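Working notes for the structure below.
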Amino acid sequence: MFYQTLFIVWRESIEALLIIGILQSWLSNNADQRGLSRPLWFGVLAGLFAAMLMAGILLQFSASLPPEGQDYFQAGMVFTASALIVHMVMWMRREGANLKSVMQSGLSTSAQNGKMLAVFSIAAIAVAREGAETVIFLIGVSAASTPSTVIEIGLAFVSALALAALTYGALQFARHHMPWRWFFAITEYMLLLLGCAMFVKGFEYLISIGILPYTDVLWDSAWLLDDFTRFGSIVAGLTGYRSAPDVITTSSWAIYWAVVALLMSLIGRKRLTKSNTPKQNRPVSQG
């Protein structure tokens, strides 16, 4: 669970830092709007509090369930986390290029109207969204991985936050030489692999609960990479790899990647249609 936690917190922290950086940069570059920095940062704190509150509620709810109910809850969280990862990646592919303009446009409108509450809300919702995703992802990871000690999880959190700050600083320094979209493209595929790992684990939960049957192993690639070894278990936890997959496991792979391919194809078609639309026929942007 250490490496999955490290990756998730690192990736989500970078997104949160990116959003905060965009909003703060806009306020800093608009001298007449600097008075809105306080509600912006209060919004950031409110978003973090909302995420922690959600984590507490979910963990308390899980602890209150009987053993059988916890199995169903964990299976549900694994599938939910997998679906949210795919949704987040697809949303970033569709809207990521316009994220900065959308954020700044929202702040501009709020500032012009003198609505400090709106500035607070933009920051709070943006940070709460990232925090909520992180909470669900981590609960899904904990249900899909070998439990770690509190010290290991704490070390993963601290390491991820430090790595995220360093990564954000490096990307800011190298923004004229390396487009951010390259970084997000690489981590998007890493997230999709993690989503696959959770999806596979979800099917394994369904087997253990008795909803799906046990099936025969189709092949054994342990000679190449055994998922019971230290390195193999890390690869399995981050990608959904199994050295001895059965029919259910291979079916879960096929279903997951077929859905991902379909969604990517639909997004690609929308982009192509939009790029081929004559400018005079395009709707006027509201942002």
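The values are calculated or read from the model by the stated rules, or taken from the named source; none is laboratory data. The structure displayed is predicted, hence computed values, not measured ones. Cβ atoms come from the backbone with ideal geometry, glycine included; neighbour counts cover every protein chain shown. These accessible areas exclude ligands, DNA and RNA; they are computed on the full protein's heavy atoms, side chains included. Shrake-Rupley method; radii C 1.70, N 1.55, O 1.52, S 1.80 Å.
May I ask you to verify whether Arg129 is of a type outside the set (A, V, I, L, M), outside any helix (DSSP H, G or I) and at pLDDT below 80? So Arg129 fails the test.
Restrict the check to the stretch 51-64 and report whether at least one residue is open to solvent by less than 90 Å² (accessible area, probe 1.4 Å), more than 30 Å from Ile255 (Cα to Cα) and not in a helix (DSSP H, G or I). Yes, the stretch 51-64 has at least one match. Those residues that are at pLDDT 75 or above and open to solvent by less than 30 Å² (accessible area, probe 1.4 Å), I need them from the stretch 21-39; list them, please. Result: Pro39, single match. Residues in the stretch 195-225 that are open to solvent by less than 50 Å² (accessible area, probe 1.4 Å) and under 17 Å from Tyr3 (Cβ atoms): Gly195, Cys196, Ala197, Met198, Val200, Leu225. Per the conditions (1) in a helix (DSSP H, G or I); (2) surrounded by fewer than 20 Cβ atoms within 10 Å (Cβ to Cβ); (3) modelled with pLDDT under 65, the sole criterion not satisfied by Met103 is (2). Which residue pairs have Cβ atoms closer than 8 Å, lie 6 or more positions apart in sequence or on different chains, and pair a first residue in the stretch 242-270 that is closer than 21 Å to Pro213 by Cβ with a second residue that is β-branched (Val, Ile, Thr) and in a helix (DSSP H, G or I)? What qualifies is Arg242/Val200; Arg242/Thr249; Ile248/Ile207; Thr249/Val200; Ser252/Val200; Trp253/Val200; Tyr256/Val200.
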